[in-house]
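Scroll down for the structure; my scribbles are underneath it.
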Amino acid sequence: MHIWLLTATGVLSFLLLADKSRFRELYPGLLFMVYFRFTGQYIFVEILHVWTYKKLSTPFSQIMNIPVFVDLFFYPAMGYLYIQYYPKTRPARLFYAITWATAFTINEQIAVRGGIIEQQAGWHPFLSFLFFMLMLILLIVQHRFYSRRRQT
Amino acid sequence: MSYILLFFLSWAVFYLFIDFERMPELYPSGLLSSTLGIWTDLIMIRFKLWDYNGAPLDALSIPLVLDFSIYPVVAMLYVQYFPHRKPILRKTVYILFWVLPAIFLEWIYLMRGEMQHHKWWSLWLSFISDWIIYAILIGAYMIVRNHLKQNQAR
């Protein structure tokens with residue numbers, strides 16, 4: 001249920017809130033989120049076994065043993081919106097990043113409580129928060145890099 | 001060891017041949033290539049249509065090495081030199097020019113025992129997959145190219 005809810009949230013928020021006229025500009029951000037999520041899953045689930053997924057019911061989840069729909073629809077849509085609404089001032093940016101990373105961490109903890117994610121000993125919600133902060137920082141770094149030519 | 005060599009060789013080729021001025025435009029292709037790579041890696045853990053071995057790296061780390069080196073480098077160079085304004089035949093020959101070395105490299109790895117195909121997978125299917133991947137790469141690149149063109153026109 002949680003996975004389906006996130007998938008629907010991703011699709012609906014993209015359809016309703018995303019500025020589609022900026023798709024060509026923000027498309028690498030979508031791509032980056034898919035790449036970061038899949039790479040993270042590969043390293044943390046398959047190699048380091050830091051967390052594992054249980055009770056996955058969405059298609060492809062049985063094949064890849066990760067919530068594929070969440071990584072393909074929810075996080076990329078959120079990344080798109082994150083860049084779209086990125087504030088202009090530094091304090092606002094810091095507050096913005098912390099708010100998003102906190103929301104992602106809370107969402108993950110709901111999945112942990114719901115038994116969808118099983119985190120191994122040593123992993124802590126604060127580490128998840130740092131992981132999401134890193135993801136959001138890299139998302140903006142890559143966006144600036146991609147947009148560099150347009151600003152010159 | 002050959003995978004580590006391939007890693008460094010890929011980035012050396014990148015350094016020598018990439019047009020750094022065009023990097024922001026080429027980078028999404030590298031990202032897409034790595035994404036497709038990591039996606040197939042996640043699938044192959046379950047399906048085992050192919051796998052790798054090559055000390056000192058363990059079997060699960062080798063795909064990551066490829067995803068961080070040869071996949072993005074080849075994708076960016078492929079897109080950089082793509083003959084956009086040439087006839088379709090020239091474009092097809094160009095793609096073939098990139099597919100054949102990829103297949104040859106895979107064949108070498110198979111011969112050396114550092115890669116294995118399993119079940120129904122074969123070099124022919126790799127050949128077909130490469131065509132599809134190269135077509136996807138150029139299709140996705142058009143999104144970026146058109147965007148940059150529009151911005152330059154403003």
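Normalised by the number of residues in segment B:35-154, the average gap of Cα pairs under 8 Å and 6 or more apart makes the relative contact order 30 percent. Between helix A:2-17 and chain A there is an angle of about 10 degrees, using the helix long axis and the longest principal axis of the Cα atoms.
Among the trypsin sites (Lys or Arg not before Pro) found in segment B:15-116, those both in a DSSP coil and sparsely packed, with 16 or fewer other Cβ atoms within 10 Å of their Cβ, are B:Lys48, B:Arg85, B:Arg112.
The ellipsoid that matches the Cα gyration tensor of the protein assembly as shown has semi-axes, each √(5λ) in whole angstrom, of 32, 27, 17, with the longest given first.
The relative contact order of chain A comes to 33 percent, based on Cα pairs under 8 Å that sit 6 or more residues apart. Mind scanning A:Lys20/A:Lys55; A:Lys55/B:Lys48; B:Lys48/B:Lys91; A:Lys20/A:Lys54; A:Lys20/B:Lys86 and naming the pairs with a C-alpha gap bigger than 27 Å? Violating the 27 Å limit, Cα to Cα: A:Lys20/A:Lys55; B:Lys48/B:Lys91; A:Lys20/A:Lys54; A:Lys20/B:Lys86.
Charges were assigned to the Cβ only: +1 to each Lys and Arg, -1 to each Asp and Glu. The resulting dipole of the protein assembly as shown about its Cα centre is roughly 1200 debye. Here chain B is treated with +1 on each Lys and Arg Cβ and -1 on each Asp and Glu Cβ, and its dipole about the Cα centre works out to around 680 debye.
Counting, for every residue in B:56-68, the Cβ atoms of other protein chains within 10 Å of its Cβ and taking the mean gives 2.
Given +1 at the Cβ of Lys and Arg, -1 at the Cβ of Asp and Glu and no other charges, the dipole of segment A:2-144 around its Cα centre is 400 debye to the nearest 20.
Per residue of A:21-33, other chain Cβ atoms within 10 Å of the residue Cβ number 4 on average. When only alpha carbons of segment B:2-153 are considered, Rg and Dmax amount to 16.1, 52 Å. Applying 1/(1 + (r/R0)^6) with R0 = 35 Å to the Cβ-Cβ distance of A:Arg93 and B:Asp51 gives a FRET efficiency near 0.20.
Between segment B:73-122 and segment B:1-61, the C-alpha centres lie 13 angstrom from each other. Screening chain B for DSSP H helices whose Cα atoms reach 27 Å or more along their own axis and whose mean Kyte hydropathy is at least -0.5 gives B:23-47, B:88-111, B:123-153. Alpha-carbon geometry of segment B:12-56: the Rg and the Dmax are 14.9, 41 Å, given in that order.
Our summary of shape: the Cα atoms of segment A:2-144 have principal axis extents of 39, 30, 24 Å, ordered from largest down, in whole angstrom.
FYI, it's all coordinate maths here, none of it is from the lab. Note that the coordinates shown come from a computational prediction; the quantities given were computed from them, not determined experimentally. So basically every Cβ, Gly included, is an ideal-geometry build from the backbone, and we count neighbours across all protein chains shown.
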